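Peer 1: The structure follows.
The values are calculated or read from the model by the stated rules, or taken from the named source; none is laboratory data. Keep in mind that what you see is a predicted model, and the values were worked out from it rather than measured. Counting neighbours? That spans all protein chains shown, and the Cβs are built from the backbone with ideal geometry, glycine included. Just the protein is used for accessible areas: all its heavy atoms, side chains included, with ligands, DNA and RNA removed. Shrake-Rupley method; radii C 1.70, N 1.55, O 1.52, S 1.80 Å.
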Amino acid sequence: MTLIAYPLSGAMPDIRPARPTRDWIDALPEQYGYRCLPLNIASMHGWEVCCPVRVTAVWDGGTGLDAIAVTADEPHPLLPASHFGSGVLTFHVAALFRTPPGVNLMVTGPLNHPKHGILGLSGIIETDWSPYPFTMNWKFTAAGIPVTWEKGEPFAHLMPIQRGLVESLTPEVRDLDSDPETAAQYRAWATSRSQFNSDLQTPGSTAAQERWQKGYYRGKKPDGSDGPPDHEIKVRAKPFPEK
């Protein structure tokens, strides 16, 4: 299958596979955030569109188009702008995308990449047929706080999702013991988790040496048996080719 990008500004925008690392996780004690496999998989799940130049925007709290001031280190035709008012800042993605039949493209703020004073909004586009380009929009959450994107910093995250999947799922609530195998695996994990957390307080214990339980990360069930063969610890999105 292909993900096609048609540049709209005469040059391919800076789009890259989503990063596996985050600066704020690098700064954590022992970088413990990287132990959370669900967080890491989400961070890598797609492609990022990056800022072509260093740019700073600040909102004065007003609703007009002139309530956002944008400054950049250098001129560029694709600088973000105040297009909708009410503290919404708009970035041009500058490409038209085409996905396989039935596959939408979700555009949202860079995942697990917080910015103080502003929030990336999300949209889902039927890119398997739409000839209409889209923008990436951010909503200021606080006035008077300058927000900066460095050159090469992502301002949008692109993630393919299957159209119709949500509607195809029928929610149900069942008693855990109606699935004896799942119930037994969960209770084995709960017991081991409680014991592991207790043992962490004992210097030199196996738990203290391991520091965290790695069953899910390794794709292992609580009884030590293997999970599914397609368990992922990394997502490797392919890069767009350079011209």
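Peer 1: Output the residues belonging to the stretch 57-108 that are touching a residue at least 24 places away in the same chain (Cβ under 8 Å) and of a type in the set (Val, Ile, Thr).
Peer 2: Listed by number, the residues that qualify are Val58, Thr63, Ile68, Val88, Thr90, Val93, Thr99, Val103, Val107, Thr108.
Peer 1: List the residue pairs whose Cβ atoms are under 7 Å apart, where the first residue sits in the stretch 1-27 and is more than 19 Å from Leu79 (Cα to Cα), the second is basic (Lys, Arg) and surrounded by 12 or more Cβ atoms within 10 Å (Cβ to Cβ), and the two are 6 or more positions apart or on different chains.
Peer 2: Ile4/Arg98
Peer 1: What pairs can you find where one residue is in the stretch 114-126 and in contact (Cβ under 8 Å) with a residue 24 or more places away in the chain and outside any strand (DSSP E or B), the other is surrounded by 16 or more Cβ atoms within 10 Å (Cβ to Cβ) and among the β-branched types (Val, Ile, Thr), and their Cβ atoms are less than 8 Å apart, with a gap of 6+ or different chains?
Peer 2: The qualifying pairs are Lys115/Val147; His116/Val147; Gly117/Val147; Leu121/Val88; Leu121/Thr108.
Peer 1: If the requirement is being open to solvent by 60 Å² or more (accessible area, probe 1.4 Å), over 23 Å from Asn40 (Cβ atoms), out of contact with any Pro (no Cβ under 6 Å at 6 or more places or on another chain) and not aromatic (Phe, Trp, Tyr), which of these qualifies: Asp199, Asp223? Step through it out loud before you land on a result.
Peer 2: Working: Asp199 fails: open to solvent by 60 Å² or more (accessible area, probe 1.4 Å).
Going through Asp199, Asp223 in turn, just one is open to solvent by 60 Å² or more (accessible area, probe 1.4 Å), over 23 Å from Asn40 (Cβ atoms), out of contact with any Pro (no Cβ under 6 Å at 6 or more places or on another chain) and not aromatic (Phe, Trp, Tyr): Asp223.
Peer 1: Still on this model: What's the number of the only condition in (1) touching a helix residue (DSSP H, G or I) at 6+ places or on another chain (Cβ under 9 Å); (2) buried (at least 17 other Cβ atoms within 10 Å of the Cβ) that Trp47 fails to meet?
Peer 2: All conditions are met except number (1).
Peer 1: Going through the stretch 178-196 one residue at a time, which ones are of a type in the set (A, V, I, L, M, F, W, C), closer than 22 Å to Tyr34 by Cα and open to solvent by 50 Å² or more (accessible area, probe 1.4 Å)?
Peer 2: The one that is of a type in the set (A, V, I, L, M, F, W, C), closer than 22 Å to Tyr34 by Cα and open to solvent by 50 Å² or more (accessible area, probe 1.4 Å): Trp189.
Every residue, every condition in (1) closer than 30 Å to Arg98 by Cβ; (2) open to solvent by 100 Å² or more (accessible area, probe 1.4 Å); (3) within 28 Å of the chain's Cα centre (by Cα); (4) at pLDDT below 95, yes or no:
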residue: Phe140; (1), (2), (3), (4): no, no, yes, no
residue: Phe155; (1), (2), (3), (4): yes, no, yes, no
residue: Pro171; (1), (2), (3), (4): no, yes, yes, no
residue: Gln213; (1), (2), (3), (4): no, no, yes, yes
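Peer 1: Would it be correct to say that Pro110 is open to solvent by 20 Å² or more (accessible area, probe 1.4 Å) and assigned to a loop (DSSP other than H, G, I, E, B)? Break it down stepwise before answering.
Peer 2: Details: open to solvent by 20 Å² or more (accessible area, probe 1.4 Å): no; assigned to a loop (DSSP other than H, G, I, E, B): yes.
Taking the combined requirement at face value, the residue does not satisfy it.
Peer 1: Run Pro229 past the list (1) free of Cβ contacts under 8 Å to residues at least 24 places away in the same chain; (2) more than 30 Å from Glu48 (Cα to Cα) and report the number of the one that doesn't hold.
Peer 2: (2)
Peer 1: Here is a follow-up. Among strands (runs of 3 or more DSSP E) lying entirely in the stretch 1-87, which contain 1 or more residues that are in contact with a strand residue (DSSP E or B) (Cβ under 9 Å, 6 or more places away or on another chain) and under 18 Å from Gly109 (Cβ atoms)?
Peer 2: Details: elements: 4-7, 15-17, 47-50, 55-59, 68-72, 81-85.
It comes to 15-17, 47-50, 55-59, 68-72, 81-85.
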